[in-house]
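The values are calculated or read from the model by the stated rules, or taken from the named source; none is laboratory data. Quick caveat, the model's predicted, so the values are computed rather than measured. We place every Cβ from the backbone using ideal geometry, glycine too, and count neighbours over all the protein chains shown. Just so you know, the surface numbers come from the protein's heavy atoms only, side chains and all, with ligands and any DNA or RNA stripped out. Shrake-Rupley method; radii C 1.70, N 1.55, O 1.52, S 1.80 Å.
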Amino acid sequence: MSATAQSSPNIAFIKYWGNRDSALRLPVNGSISMNLEGLFTRTTVSFQPSLALDELVINGHEVTGKGLERVSGILDIVRQSAGITVRAEVVSENNFPTGAGIASSAAAFAALALAATKAAGLDWSESQISRLARLGSGSASRSIPSGFVEWKMGTGDADSFAISIAPPEHWDLADCVAIVAAGHKATGSTEGHALAPTSLLQAARVADAPRRLDVCRRAILERDFATFASIIELDSDMMHAVMMTSQPQLFYWKPATLAVMDAVRSWRRDGLSVAYTIDAGPNVHVICPQSKMDVVKSLLCEISGVSNVLSAIVGGPARLL
């Protein structure tokens, strides 16, 4: 009763921010993302009769408290579905910073959902596993399918899951992640989602979301970088405007965050195909054609405050190892 799964984080182009049902992590709007190949979380779930309680080890360190509770919540659903009561050891590792706005929880709960269902002997569909991953972290639903992914907000739990809208080979994009702060952010996404309704700007952001989803989806399907760049930067700026006007306010940006945003706009005016988007953290995802990845990485490394640049091309689905 053991299985290992590997999943990539994803970068959202149209963002998920705010829930209409926090317990089920049902979003107030749909979202679109891209999986990031080469960045990964690898998780092994072992159901062991000798264990009195679930155990969680992340990057070699035992985790208790709320972190373990979130994992046990997913395992409880799996146990109930499989008709077992055995506790599990969960050992997870990732090769990129945790809790710094690079969707570490998305990769983690996607890998957990896939490994746990397999270890328990469940033969679940991709949509079922996406729904399960969503209960641990909303954006984790998007790390289950392959390539370019859309998370449908749905009408309830049963139809709120993610689907692939295009395979990885559809568009040769790359993500160059400018690391300006690798530490764990003070306010996590779960807490941040709960603050979204306190901003007067959230209602306007949500009302316009269907339009932005349509524009982004069409830009991806037509490989229209100019339209794509415009809509993902607008969507990112809107989400952070909501964060900055919430009560209490959330300011994730650092001086280097702004420097990268300004540089990207300047490079694009000079003819380089680049666009930025920023999740709930200070680090900036700079999207470009794969052919320009090395150029963009080199340019980013020259910006003061950028400590490192991670890079990834479009990734596949969560998979068993």
Label points 7 Å out from Cα along the Cβ direction at Ser266 and Ser2: separation in nm? 5.3
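Compute the FRET efficiency between Thr85 and Thr198 as 1/(1 + (r/R0)^6), taking r as their Cβ-Cβ distance and R0 = 56 Å, and round to the nearest 0.05. Each step should come with its number before you reach the end.
On the way: r = 41 Å, r/R0 = 0.73.
Efficiency, from the Cβ-Cβ distance: 0.85.
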Anyone know which of Thr227, Thr155, Thr257 comes out most mobile in the 10 Å Cα GNM of the chain? Thr155
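Using the Kirkwood radius built from alpha carbon pairs, what does the Stokes-Einstein equation give as D for the chain at 25 °C and 0.890 mPa s, in µm² per second? Mind dumping the intermediate values first?
Values: Rh = 19.6 Å.
Diffusion coefficient, whole number: 125 µm²/s.
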Full extension between Leu234 and Gln290 adds, at 0.36 nm per residue less the Cα distance, a length in nm of 17.9 nm
So what is the accessible area of segment 32-187 per residue, in Å², with the probe set to 1.4 Å? 38
Along the dipole axis of segment 252-321 (charges at Cβ: +1 for Lys and Arg, -1 for Asp and Glu; origin at the Cα centre), the most positive-end residue among Leu320, Gly281, Leu299 is Leu320
Work out how far the C-alpha atoms of segment 169-321 reach from end to end along every principal axis, then list the three figures in whole Å, largest first. 44, 42, 35
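Rounded to whole Å and ordered largest first, report the semi-axes of the equivalent ellipsoid of segment 73-191 derived from its Cα gyration tensor (root of 5λ).
On the way: eigenvalues 124, 76, 37 Å².
In descending order the semi-axes read 25, 20, 14 Å.
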For Gln48, list long-range residues whose amide hydrogen, built 1.01 Å from N in the peptide plane, is under 5 Å from its own amide hydrogen. Arg87, Ala88, Glu89
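How many percent of Cα pairs in segment 5-70 exceed 14 Å?
Numbers: 1583 of 2145 pairs.
In whole percent, the share of Cα-Cα pairs in segment 5-70 beyond 14 Å is 74.
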Identify all aspartates and glutamates with a Cα-Cα distance to Lys66 below 20 Å; exclude those on the same chain that are fewer than 8 residues away in sequence. Asp21, Asp54, Glu55, Asp76, Glu89, Glu93, Glu191
Which angle between 0 and 90 degrees, to the nearest 10, do you get for helix 104-119 versus the longest principal axis of the chain when only C-alpha atoms count? 30
If I stretch the segment between Asn59 and Ala158 completely, what's the gain in nm (0.36 nm per residue apart, minus their alpha carbon distance), one decimal? 32.3 nm
Of all the C-alpha pairs in segment 247-298, what % are more than 15 Å from each other? 49
Alpha carbon centroid spacing (whole Å) that separates segment 259-295 from segment 33-75: 33
Which lysines does Lys254 reach when only Cα atoms under 22 Å apart count, and residues fewer than 8 places away in its own chain are ignored? Lys15, Lys185, Lys297
Working from Cα positions, state the angle (0 to 90°, nearest 10) between the long axis of helix 209-222 and the longest principal axis of the chain. 80
Helix 225-244 axis, angle to the chain major axis (alpha carbon atoms, nearest 10°): 70
Net lengthening on full extension, Thr245/Ser50 (0.36 nm per residue, minus Cα-Cα): 65.2 nm
Could you run the Karplus curve 6.51 cos²θ - 1.76 cosθ + 1.60 with θ = phi - 60° over segment 311-321 and give me ³J(HN,Hα) per residue in whole Hz, x for Gly and Pro? 9, 7, 9, 5, x, x, x, 4, 9, 7, 9
With runs of 4+ DSSP H residues as the only contributors, calculate the mean residue ellipticity of the chain at 222 nm using -39,500 (n - 2.57) per run, divided by the residue total and rounded to the nearest 500. -11500 deg cm²/dmol
